[in-house]
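**Student:** Sending over a structure as C-alpha cells; questions will come in a sec.
Values quoted throughout were computed directly from the atomic coordinates according to the rules given, and no laboratory measurement underlies them. Values in this document were obtained by computation on a predicted structure and should not be read as measured data. Cβ coordinates were reconstructed from backbone atoms using ideal geometry, including for glycine residues, and neighbour counts include every protein chain displayed.
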Amino acid sequence: MKKNKDFARKYYFAIIIVLAILVKHIITINLPLDARDPSGADEYLMLEQAEQLVAGNYLGPYNYLTLVKGIAFPLFLAFSNVTGISLLALYSIFYAAACLVALVPIRRIIKRKPLQLLAFLFLLFCPATLDNNVQLIYRNMLIIPQSVLLVSALMMMYYHINDEKKNKLVWWTLLASFAWVFMWHTREDSIWSVPLVIGAWIVMGVMAIKEKKTKIWSKPILGKIGIITLPFLLLFASIHIISLINYRYYGVYMTNQLNGSNYTKAVMLMMKVKPAEEIERVEITRETLQRLYEVSPTFKNLEDVIENDYENKNGLVMAAEDNGEINEDLITWELTGAANAKGYYKDAKNAEKFWGDVYSEIKQAVNEGKLETRATLPSRSLIPFPTKEGSFAKLIWSIGSLYMRAAKYENSIMNVEKVDIDEMVARRYEAISGGYAVREADAFDGADPMEVRASRYVRWASRIKKVYAIISPVLLIIGIIYYIGLTALIIINAVKKRACRYFDRWLFLSATFGALTVMLIGLGYVNAFMVDVNGYIASCNGLLNLFIALSMVLIIQDVANVVLRWRKCRSLQ
C-alpha cells in the first residue's frame, strides 16, 4: 500500500496528464460528423481531394475548384485514412501533442507542478477543439494546434539559442518549421504568422550576437543565424515544391489559385477600381463590372453569365435592403463560376491565360486613365477605413468584440447535426474520416443508437464550453491587465538599464498575445466591413487559451510568492 502511495506521489504529474489526455480523447473520437456539404469548395472539396490522394491521383482531374485552397488538410485527411486512424482521433493526438509541447516552455517559467498542470488542463480542454469546426471535415480545425505548436516551439528556440551544443536548437527549429509550413498550406490567410516568426528571429539573432560579444560574421554566430533562419528557408522550399508538383500535374507554377496566379491579380485589380458609389459589404459593385466589360473585351465574354446571375439572384447574398448586389466575398466565386461556365477552366493553363488577358486589359485602362483606383489591402479584401468617416472606430470595436466572442465561445456550436445530404455522399464522408454521422431515426425502430451516443458526448462537450464561457472573459481581462503591467515593468527596467528576471515570461506572453492580436485584426477587419466571421473565430482560441493559461498561472505564482515572503518576514519578527 505504501509503495502504491509513493508511486502515485512520485508520478502524479504524469498520471494526471495521461488521464486528462485519455478523457479528452474519448470525448473527441465519439463526437459525430457534421456531413452537410454535398458539393462545392468547402468540406466536399476536402473530401474529394483526400479521396484522390488516397487513390494516388494527386488532387484529381483539373477543374475550377482544384487549386482554390491549400493542400495541407486534404493531406492530413488522407494520412488519417491510410493509417487507419480516424480523423478525430488523429486530430485529438495532434492537439494533445501541441499542448504537451506548450507545457515545455511553460515549465521553464512556472516552477510549481500544480500550476503547470492547471495551465496544461486549461489548454487541453479548449472547447473550440470540440465544436462544429472539429465535427466538420474541414481545414479550420487544424489552426488551433498549429498555432499553439508554432508559438511554443519558437519559445523553446529562444531558450536554446545560446547553448554550446546546437542539437536541441536544431530540433526545436525543425518543429517550429513544421508547424509553420503545415499552417501556411492549410489556409491562405496565414500571413498573420509572419510578424511572429520575424519577431522571434530578430530577438534570437540579437541574443546570439550579444552572448558571443564578437563579430557578427564569426562562425558561431553565423551558424546560429543559419539555424534560426531554417523556418524561412523550409517555407520557401515547400512553396516551390508544391508549385513544381502542380506544374507537373496541371501545367501552372503556383501553390493555389489565391497565391500568385493571374486570377488573383485580375480580381485584386478589379477590387481597386473605384465604384461610382461605395456600398457596405460589397467588394465589386455591379456598376463597376459594367465598366470593366467596356475596357476588357476578354472579360466581356462573361457578361451574359454574370448579368443573368444578377437578374435571377443566383447564389447571391442580398443585403437587408435587397440592394441587388453580390455581397461580401461571393463575387470572387461568381467570377470563377462564370469563367468556368464559359469553358475557360478546361485546363489550368487556359484559365491562367484568360485571367492574364483580363488583368492586362484592365491594367492598360487604369494606366490610360479610363478607370480610377482606390487603396486596398495587400489581400483579396478592400481597405475602406481611410476614406469612410468612422470606419477606424468600427474596426477597433470589431476587434474588441471578437476578443469577447472568442472568450465566450459564442460561435463554438455543439449540436448533433443529422444528415440532410445524399446518403452516398454521407457514406463517403464516413469512409474517408473513419467517423460516423447521425441519420434521422426510423419511426418504427425508435431512436438511432448513433444519435444516443452522439448526444451523450456532445453534452459533455457543451458542459465544458459552459464552464469556459463563464470564466474565460474574466480571466482574459485580468491577463491583459497583468500583461500591460508586466510590459510597463520591462520598459522601466530597460530605461534604467537594469536586468529584469521577468523578461522570459514577458516574451512568451508577447509572442502569444501579439500573434493572437494580429490574427484578430484580420478577422476584425473582415467582420467589420465584409461578413460576420462566425465559426472562423474559433481559429484564434488556441492562442487565446494559451495566453489565458499562462497569465493565469503566472499571477497565481506571483501572489503565492508574495504571500510566502510575507509569512517568512512575519516568522522572523
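**Student:** Could you quote the convex hull projected area for the range 480-531, Cα atoms only and averaged over all directions, in nm²? Walk me through the intermediate numbers first.
**Tutor:** On the way: hull surface 17.0 nm².
Reported value for the Cα convex hull: 4.2 nm².
**Student:** Further question on the same structure: Which order results if Lys165, Lys408 are arranged by neighbouring Cβ count within 10 Å, fewest first?
**Tutor:** On the way: Lys165 8, Lys408 16.
Fewest-to-most Cβ neighbours within 10 Å comes out as Lys165, Lys408.
**Student:** I need the Kirkwood Rh of the range 500-573: take the reciprocal of the average 1/r across all distinct C-alpha pairs and report it in angstrom. Before the final figure, lay out each step's value.
**Tutor:** Working: mean 1/r = 0.0672 Å⁻¹.
By the Kirkwood definition, the hydrodynamic radius is 14.9 Å.
**Student:** Could you tell me how far the Cα centroid of the range 553-571 sits from the Cα centroid of the range 238-285, in Å?
**Tutor:** 56 Å
**Student:** Hey, could you get me the Stokes-Einstein D for the chain, Kirkwood radius over alpha-carbon pairs, 4 °C and 1.567 mPa s, rounded to whole µm² s⁻¹? Before the final figure, lay out each step's value.
**Tutor:** On the way: Rh = 26.3 Å.
Rounded, D is 49 µm²/s.
**Student:** If you don't mind, there's one more thing I want to ask. List the DSSP H helices in the chain whose Cα atoms stretch 27 Å or more along the helix axis and whose mean Kyte-Doolittle hydropathy is at least 1.6. Could you put the intermediate results ahead of the total?
**Tutor:** Numbers: long enough: 2-29 (36 Å, 0.75); 87-109 (34 Å, 1.79); 193-212 (29 Å, 1.31); 230-250 (29 Å, 1.24); 348-367 (28 Å, -0.75); 449-495 (66 Å, 1.08); 503-529 (38 Å, 1.23); 541-572 (46 Å, 0.93).
Flagged H segments are 87-109.
**Student:** To make sure I understand, if each residue's beta carbon is the centre and we count other beta carbons within 10 Å, what order do Cys569, Cys500 fall in, fewest to most? Could the numbers behind the result be given before it?
**Tutor:** Numbers: Cys569 9, Cys500 15.
In order of increasing Cβ crowding within 10 Å: Cys569, Cys500.
**Student:** Over 22 Å apart: what share of the alpha carbon pairs of the range 262-379 falls there, rounded to a whole percent?
**Tutor:** Details: 2023 of 6903 pairs.
Pairs farther apart than 22 Å: 29 percent.
**Student:** Please go through the residue pairs Lys272/Lys300; Lys69/Lys166; Lys69/Lys342; Lys113/Lys568; Lys113/Lys168; Lys24/Lys113 and name each one whose alpha carbons sit more than 26 Å apart in this structure. All intermediate terms of the calculation are to be shown ahead of the outcome.
**Tutor:** Values: Lys272/Lys300 18 Å; Lys69/Lys166 37 Å; Lys69/Lys342 22 Å; Lys113/Lys568 22 Å; Lys113/Lys168 24 Å; Lys24/Lys113 21 Å.
Correct reply: Lys69/Lys166.
**Student:** Per DSSP H run of n ≥ 4, the term is -39500 (n - 2.57); total these for the chain, divide by its residue number, and report the mean residue ellipticity at 222 nm rounded to 500 deg cm²/dmol. Present the calculation step by step, with values, prior to reporting the outcome.
**Tutor:** On the way: 22 runs with 380 residues, N = 573.
For the chain, the value works out to -22500 deg cm²/dmol.
**Student:** Something else: Of Val358, Val425, Val559, how do they rank once you tally other Cβ atoms within 10 Å and put the fewest first? Display every interim value, and only then the final one.
**Tutor:** On the way: Val358 28, Val425 16, Val559 10.
Ranking Val358, Val425, Val559 by Cβ neighbours within 10 Å, fewest first, gives Val559, Val425, Val358.
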